[in-house]
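> Let me give you the structure first, and then I'll get to my questions.
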Amino acid sequence: MPSRKFADGEVVMGRWPGSVLYYEVQVTSYDDVAHLYTVKYKDGTELALKESELRSQSSFKHRKSQSSSSSPSRRSSSRSRSRSRSPGRPAKGRRRSASQSREHKDDKKKTIQETSLALLVLVLFKPSENNTKRYNGEPESTEKNDTSCIILEEKLKPDLEIKRVLEQYSLRPRKDDKKKEEIYSEKKTFVAVKPIEKVPLKTKELEFGGRIGTFMLIFLLPATVLYLLLMCKQDDPSLLNFPPLPALESLWDGRVFGVFLLWFFLQAMFYLLPIGKVVEGLPLSNGQKLQYRINGVYAFILTAAAIGVLLYFQFELHYLYDHFMQFAVSAAVFSLALSIYLYARSLKAPEEELAPGGNSGYFIYDFFTGHELNPRIGSFDLKYFCELRPGLIGWVVINLAMLLAEMKIHNLSMPSLSMILVNSFQLLYVVDALWNEDAILTTMDITHDGFGFMLAFGDLVWVPFVYSLQAFYLVGHPTTITWPVAAAITVLNCIGYYIFRSANSQKNNFRRNPADPKLANLKFIPTATGKGLLVTGWWGFVRHPNYLGDIIMALAWSLPCGFNHILPYFYVIYFICLLVHREARDEHHCKQKYGLAWERYCQRVPYRIFPYIY
């Protein structure tokens, strides 16, 4: 195994990815497995570079030209030569030595190379018009940059003319010129190529409490779901009134498990239908872009049609309410089996297909967070499918079943106002997610987290059975609210939805096309990665305005349940904790990714989620 060349803390010159330019960097760590150095640039950006992309600082220092004096033999022979001059030779006072002439030419060539390099830097790193106008959120004239470029070009003209003359009358063989052109063309080709293949590093910073924390969560999450559902079944769902544990045989029903499998594979069939557009995701570490079929809305419509047919033939949909606990256990067993399959197949996955956050080398941690980033069976993307289809659409079906169960149990001709509000608010949320399905491709779940127990259990168990907790609670604990209260709760939900949707739309539109004229009023801070950080609109109000809208909506979903018990407010309490934790993860990743630009953004936008509070 080759030994490392550069030590930790050593300051060297590192090549910027996608270019031939070198910058001063500091070595922070070295991966013995991937043979990659983690380096930190002056602006705080951290990247992983190969040893061939690093050079010592001494190799970049300019060497002084040393004039070589004539050899003794030449000096003696020059004395013996005739002192007469030919008509074409210059006068003695004006004549230069050979070494002085060479120094002059070397200086000229060096000047030409330096100025040419300066021009190349201007061309490569000249900001777009959209960036220049809004650097750091402050107007900046593009004419200033263009004028400076023109002035520099004017200064370069004499030097470039000298270079042309020197090349024209150079005694160097043309073969060398040809080699030089080939090398230059290779450099230009290299600059034009964007991605540089990156080998994923081992996950060093463990989240969720590391190995011990993830091991406990594997048991804590199913226990929490079981506890919440048992509490809702009680007449007095107080926190101190712990529910009795049911018999194990009552938690399992083979027929229920069969219905769950039927539901899962029905949604898989809808996902595979050749309807809807196909879009590309964000580039992977190897530069590849995966394709995704966007047909969630069609799957929702087909599901609604299937439910309508079942109701037409008088199928008792409140069967879901009667066997709600068994459905939750069936989903948990299926998610565990799916997680085991995902981890087993990830052991054979190539290194570049592993998740950045789930490649620690520890079994429990990688099993929980997900070892493989985008597990696929052919074109069927398992993670993307589970994110929106069986759990999210199942959430709406469960809410409908709770609504029908309330009407049947309490002999109502129509559902209560509280149940209507909960169903309507959450239906709007799900339809919005499916309508903007391609927006999920830029989220951390898709781009960073692997597909393991955390997402499998979250998508298939936590979302449908915990997010529907308000509707499940209202069946056994009906709550009456007045129309003015209902109107106030509706306004609150609309405010939260407006913040959530407009903030996400600003972010997604800006990511797709920052030069869109419709976004001309938005200001942003450019970063070394080529992306911009918005500092106006909702993203100049707080750093995560979409999380703020999410929390306001979560509160509106819980308010129709009244204030008799805290149980229906578990969702909003949990959601605040979840989003605060996710915000901390976002901050950490953005600090590593954007460096100094992120620090400037935090100074410009000091509040994270809640303005003037947090």
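The values are calculated or read from the model by the stated rules, or taken from the named source; none is laboratory data. Not measured: the values here are computed from a predicted model. Here Cβ is always computed from backbone atoms with ideal geometry, including for glycine, and neighbour counts include all displayed protein chains. When the accessible area is computed, the model is the full protein with side chains, heavy atoms only, and any ligands, DNA or RNA have been set aside. Shrake-Rupley method; radii C 1.70, N 1.55, O 1.52, S 1.80 Å.
> Rounded to a whole number, what % of the accessible area of the range 342-430 do carbon and sulfur atoms account for, probe 1.4 Å?
64
> Right, here's the next one. For the range 481-613, what does the accessible surface come to per residue with a 1.4 Å probe? Please give it in Å².
Heavy-atom SASA per residue in the range 481-613 reads 47 Å².
> With labels modelled as points extended 7 Å from the Cα through the Cβ direction, what inter-label distance (nm, one decimal) is found for Val309 paired with Gln592?
Label at Val309, label at Gln592, 4.8 nm between them.
> From the protein chains alone at 1.4 Å, what is the descending order of accessible area for His544, His589, largest first?
Reading off the accessible areas and sorting them downward yields His589, His544.
> Using 0.36 nm times the number of residues separating Leu412 and His35, minus their current alpha carbon distance, what extension gain do you get?
Gain in length upon complete extension: 128.8 nm.
> Next question, about the same structure. When the convex hull of the Cα atoms of the range 289-390 is projected onto a plane and the area is averaged over all directions, what value comes out in nm²?
Average of the hull's projected areas for the range 289-390 equals 8.5 nm².
> Where does each of Leu441, Leu226 land when they are ordered by accessible area, with a 1.4 Å probe and the largest first?
Most to least solvent-accessible, the answer reads Leu226, Leu441.
> What figure, in Å² to the nearest 10, do you get for the accessible area of Ile409 with a 1.4 Å probe and non-protein molecules left out?
90
> Placing +1 on the Cβ of each Lys and Arg and -1 on the Cβ of each Asp and Glu in the range 481-613, which of Val491, Ile551, Gly595 has its Cα farthest towards the positive end of the resulting dipole?
Gly595
> Which whole-number value in Å² is the accessible area per residue of the range 208-480, probe 1.4 Å?
Counting only protein heavy atoms, the per-residue value for the range 208-480 is 44 Å².
> Next question. Could you give the nm distance between label points at His323 and Lys289, where each point is 7 Å from its Cα heading toward the beta carbon?
A separation of 4.5 nm, rounded to one decimal place.
> Hey, what's the Cα Rg ratio for the range 362-470 versus the globular rule of thumb, 2.2 N^0.38 Å?
1.29
> About its Cα centre, how strong a charge dipole does the range 10-56 have in debye, to the nearest 20, once Lys and Arg get +1 and Asp and Glu get -1 at the Cβ?
Approximately 160 debye in magnitude.
> Here is a further query. Expressed in nm to one decimal, what extension gain is obtained for the pair Ser52 and Leu21 from 0.36 nm per residue of sequence separation less their Cα-Cα distance?
Stretched fully, the Ser52-Leu21 segment lengthens by 9.8 nm.
> Moving on to the next point. Roughly how compact is the range 10-56, stated as its Cα Rg over 2.2 N^0.38 Å to two decimals?
1.01
> Which order do peptides 294-303, 446-455, 256-265 fall in by mean Cβ count within 10 Å, highest first?
Taking the mean over residues of other Cβ atoms within 10 Å, the ranking is 446-455, 294-303, 256-265.
> Let me ask something additional. Assuming a ≥ b ≥ c are the square roots of the Cα gyration tensor eigenvalues, decide whether the range 481-613 counts as rounded (a/c under 1.5), prolate (otherwise, with a/b larger than b/c) or oblate.
prolate
> Using alpha carbon centroids, what distance separates the range 250-327 and the range 535-614, in Å?
Cα centroid of the range 250-327 versus Cα centroid of the range 535-614: 30 Å apart.
> Using a 10 Å cut-off on Cβ atoms, rank the peptides 508-515, 338-345, 306-313 from the highest mean neighbour count down.
For the peptides 508-515, 338-345, 306-313, the packing ranking is 338-345, 508-515, 306-313.
> Something else: Could you tell me whether the range 278-326 comes out rounded, prolate or oblate from its Cα gyration tensor? Rule is a ≥ b ≥ c as square roots of the eigenvalues, rounded for a/c under 1.5, then prolate if a/b exceeds b/c, otherwise oblate.
Note, shape of the range 278-326 comes out oblate.
> For the range 208-480, with the dipole built from +1 on Lys and Arg beta-carbon atoms and -1 on Asp and Glu ones, taken about the Cα centre, which of Val225, Leu302, Phe334 lies farthest toward the positive end?
Leu302
> Looking at this model, which pairs from Lys289/Lys383; Lys507/Lys593; Lys40/Lys523; Lys40/Lys202; Lys523/Lys591; Lys289/Lys348 are more than 23 angstrom apart at the alpha-carbon?
Pairs exceeding the cut-off: Lys40/Lys523.
> Pop a pseudo-label 7 angstrom from the Cα along the beta-carbon direction at both Ile377 and Thr442 and give the gap in nm to one decimal.
Result for the modelled spin labels: 3.2 nm.
> Assuming 0.36 nm per residue, please report the length gained on full extension of the stretch Val485 to Ala344 beyond their Cα-Cα distance.
Working it through step by step, the gained length comes to 45.5 nm.
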